[in-house]
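A.B. asks: Take this structure, written in structure tokens, and hold onto it; I'll ask about it next.
The values are calculated or read from the model by the stated rules, or taken from the named source; none is laboratory data. Quick caveat, the model's predicted, so the values are computed rather than measured. Because the Cβ atoms are built from the backbone with ideal geometry, glycine has one as well, and the counts that use them run over all protein chains shown.
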Amino acid sequence: MSKTEENLQEAFAGESQANRKYLAFAAKADAEGFKQVAKLFRAAAEAETIHAHNHLRELKGIKSTKDNLEEAIGGETHEFKSMYPAMIDEARAAGNNGAVRTFQYANDVEKVHADLYQKALDNLGKNEDVDYWVCKVCGNTVEGAEPPDECTICKAKKMAFYKVG
């Protein structure tokens, strides 16, 4: 891999993280009543997304939908089989229960994501229109006309889910 490709990957990761961080900052600014600052953070987050997409495109990281689904399945599978279990063990050994909980939520949901991606791949071209719901506590992602009464991952109630379209 060339130095430029390494730089593009580093820039993609940095811009992606900045987007998520700025959205979190915007939510905090909204909660504190700083609406203008929240708008600024959201605008900057959008710009960071454009930068990240440009870098990924230059890396030739966006392929066919079939290829993208296969890559997503591989990434999610790596996370729930290797990455998060090791992180959970390390956090548990360090006595950091908050980190254990957030890693465990992510680990459990990555399996759900891999399964949903596999279902989409298996049905590519004949997918029916379904709604997706995300739990705002743990990120659990479910499909259906309505969210479940209780999250299977974190036990949050139905009202914790929001529809993504």
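A.B. asks: Tell me whether segment 69-79 contains one or more residues that are within 18 Å of the chain's Cα centre (by Cα) and more than 24 Å from Val112 (Cα to Cα). Spell out how you get there, then give the answer.
C.D. replies: Within segment 69-79, the subset within 18 Å of the chain's Cα centre (by Cα) is 69-79.
If we keep only those that are more than 24 Å from Val112 (Cα to Cα) too, we end up with none.
No: zero hits.
A.B. asks: When segment 117-152 is examined, which residues are found to be closer than 14 Å to Val164 by Cα, part of a loop (DSSP other than H, G, I, E, B) and not β-branched (Val, Ile, Thr)?
C.D. replies: Correct list: Asp129, Asp131, Lys136, Gly139, Asn140, Gly144, Ala145, Glu146, Pro147.
A.B. asks: If you check Ala91 against the conditions, is it in a helix (DSSP H, G or I), of a type in the set (A, V, I, L, M, F, W, C), out of contact with any helix residue (DSSP H, G or I) (no Cβ under 9 Å at 6 or more places or on another chain) and more than 23 Å from Ser64 (Cβ to Cβ)? Let's see the steps before the verdict.
C.D. replies: Details: in a helix (DSSP H, G or I): yes; of a type in the set (A, V, I, L, M, F, W, C): yes; out of contact with any helix residue (DSSP H, G or I) (no Cβ under 9 Å at 6 or more places or on another chain): no; more than 23 Å from Ser64 (Cβ to Cβ): yes.
Answer is no for this residue.
A.B. asks: Looking for whichever is in contact with a Leu (Cβ under 7 Å, 6 or more places away or on another chain) and in a helix (DSSP H, G or I) here; the options are Ala114, Ala45. Which one fits?
C.D. replies: Ala45
A.B. asks: Is there any pair with a first residue in segment 1-16 that is at pLDDT 95 or above and a second that is small (Gly, Ala, Ser) and crowded, with 17+ Cβ neighbours inside 10 Å whose Cβ atoms are under 6 Å apart and which are 6 or more apart or on different chains, and what are they?
C.D. replies: From segment 1-16, the pairs are Phe12/Ala52; Glu15/Ala52; Ser16/Ala52.
A.B. asks: Return the residues of segment 25-42 that are part of a loop (DSSP other than H, G, I, E, B) and of a type in the set (D, E, K, R); say none if nothing qualifies.
C.D. replies: Glu32
Yes or no, residue by residue, for (1) touching a helix residue (DSSP H, G or I) at 6+ places or on another chain (Cβ under 9 Å); (2) aliphatic (A, V, I, L, M); (3) within 28 Å of Gly75 (Cα to Cα):
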residue: Gly14; (1), (2), (3): yes, no, yes
residue: Gln17; (1), (2), (3): yes, no, yes
residue: Ala24; (1), (2), (3): yes, yes, yes
residue: Lys28; (1), (2), (3): yes, no, no
residue: Lys35; (1), (2), (3): yes, no, no
residue: Lys39; (1), (2), (3): yes, no, no
residue: Ala45; (1), (2), (3): yes, yes, yes
residue: Asn54; (1), (2), (3): yes, no, yes
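A.B. asks: What is the one condition in (1) within 22 Å of Gly74 (Cβ to Cβ); (2) touching a strand residue (DSSP E or B) at 6+ places or on another chain (Cβ under 8 Å) that Gly125 does not satisfy?
C.D. replies: All conditions are met except number (2).
A.B. asks: Pull out all pairs, ordered by first then second residue, where Cβ-Cβ is under 7 Å, the residues are six or more apart or on different chains, the first lies in segment 128-145 and is at positive phi, and the second is of a type in the set (Ser, Thr, Tyr) and surrounded by 13 or more Cβ atoms within 10 Å (Cβ to Cβ).
C.D. replies: These pairs meet every condition: Gly139/Tyr105.
Let's see how each residue does on (1) crowded, with 16+ Cβ neighbours inside 10 Å; (2) among the aromatic types (Phe, Trp, Tyr); (3) under 19 Å from Ile153 (Cα atoms); (4) not assigned by TED's automatic domain parsing to the domain that holds Cys151:
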{"position": "Ala29", "(1), (2), (3), (4)": "yes, no, no, yes"}
{"position": "Leu69", "(1), (2), (3), (4)": "yes, no, no, yes"}
{"position": "Gly74", "(1), (2), (3), (4)": "no, no, no, yes"}
{"position": "Lys81", "(1), (2), (3), (4)": "no, no, yes, yes"}
{"position": "Ala86", "(1), (2), (3), (4)": "no, no, no, yes"}
{"position": "Gly95", "(1), (2), (3), (4)": "no, no, no, yes"}
{"position": "Thr102", "(1), (2), (3), (4)": "yes, no, yes, yes"}
{"position": "Val112", "(1), (2), (3), (4)": "yes, no, yes, yes"}
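A.B. asks: In addition: Can you tell me how many residues in segment 1-17 are under 18 Å from the mean Cα position of the chain (by Cα) and surrounded by 18 or more Cβ atoms within 10 Å (Cβ to Cβ)?
C.D. replies: Residues that pass the stated criteria total 2.
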